[in-house]
1. Mind checking which residues of segment 59-70 are open to solvent by 30 Å² or more (accessible area, probe 1.4 Å) and touching a Gly at 6+ places or on another chain (Cβ under 9 Å)?
2. When you go through (1) open to solvent by 90 Å² or more (accessible area, probe 1.4 Å); (2) at pLDDT below 80 one by one for Ser79, which number turns out not to apply?
3. Scan segment 87-100 for residues that are surrounded by fewer than 16 Cβ atoms within 10 Å (Cβ to Cβ) and closer than 16 Å to Val62 by Cβ and jot them down.
4. Can you name every residue in segment 106-129 that is open to solvent by 80 Å² or more (accessible area, probe 1.4 Å) and more than 18 Å from the chain's Cα centre (by Cα)?
5. Is it the case that segment 29-40 has a residue that's under 24 Å from Phe177 (Cα atoms), touching a Gly at 6+ places or on another chain (Cβ under 6 Å), modelled with pLDDT under 80 and not β-branched (Val, Ile, Thr)?
Amino acid sequence: MANLLEKKDGNGGSGNGGPIRREKNFPNFVKYESKSYTIPLIMFVLGLLFVLIQGNVLDVIVTIIGVVLMIGGVVIGISLMTSFSPVTVFFASMLFIMGIICVANPGWVAGFFLKVVGLCILLNSLISIFTEHKLKGKSEKYTFYLVTDIVSIVIGLLLFLFPKAWLDTASWLFYVFGVVLMVLGVFNLYTSYKVYKEGRYVNDGSGVVWEE
């Protein structure tokens, strides 16, 4: 199994026209594979919020964010007195409008946020299953990767289809769901790195390519 990825040549490709090759280590994973670990990180952070904060507190946080956005919009608007700019006007107006929405309906905003996160988790897990399918028969941890993604799909569906239910649910269930999200986030981070480190594939800029 090759662990090194060849360097680019002067023409922007590898010397033999194959994939760009870099050493498969953690720094390069963090630098070049952000698309692989962004969603798992979001899952972990969201789970941590669920553990530390209860549903009704999320409404309060959204309201506070709304007030901050409104103040930011007003402050930027005041700055227009000295230097007018259409872009600044638009930006200030959007901040103020978003702040009003957060203050007027914090529950809807929190639910919408959870719905978006659920959709991202769902799509990320489906893409991961497609990518990890290339490891079938080539990695003894394929089943672990697959189960992690299937559970993540279920969590993503629950967040996407019933976001408000989680905000209104009992505190202990909210806590348990947060712990599950955190664990899945860690598992998905682990899976992403292991597939990157031990998988016999490289990214050639257009997709996954298997090494011979």
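The values are calculated or read from the model by the stated rules, or taken from the named source; none is laboratory data. No experiment lies behind these values; they were computed from the predicted model shown. Every residue, glycine as well, gets a Cβ built from its backbone with ideal geometry; the counts of neighbours run over all protein chains shown. We work out accessible area using only protein heavy atoms, side chains counted, and drop any ligands, DNA or RNA first. Shrake-Rupley method; radii C 1.70, N 1.55, O 1.52, S 1.80 Å.
1. Step one: of segment 59-70, the residues open to solvent by 30 Å² or more (accessible area, probe 1.4 Å) are 59-61, 63-65, 67-70.
Within segment 59-70, Asp59, Ile65, Val67, Val68, Leu69, Met70 qualify.
2. (1) is the only condition that Ser79 fails.
3. Restricting attention to segment 87-100, the residues satisfying the condition of being surrounded by fewer than 16 Cβ atoms within 10 Å (Cβ to Cβ) are 87-91, 93-94, 97, 100.
Passing the criteria: Ile97, Ile100.
4. The initial filter retains those residues of segment 106-129 that are open to solvent by 80 Å² or more (accessible area, probe 1.4 Å), namely 108, 112-113, 123, 126-127.
Correct list: Trp108 only.
5. From segment 29-40, those under 24 Å from Phe177 (Cα atoms) are 36-40; that's our starting set.
With the extra rule that they be touching a Gly at 6+ places or on another chain (Cβ under 6 Å), the set shrinks to 40.
Restricting the remaining residues to those that are modelled with pLDDT under 80 gives none.
No, there is no match, as no residue in segment 29-40 is under 24 Å from Phe177 (Cα atoms), touching a Gly at 6+ places or on another chain (Cβ under 6 Å), modelled with pLDDT under 80 and not β-branched (Val, Ile, Thr).
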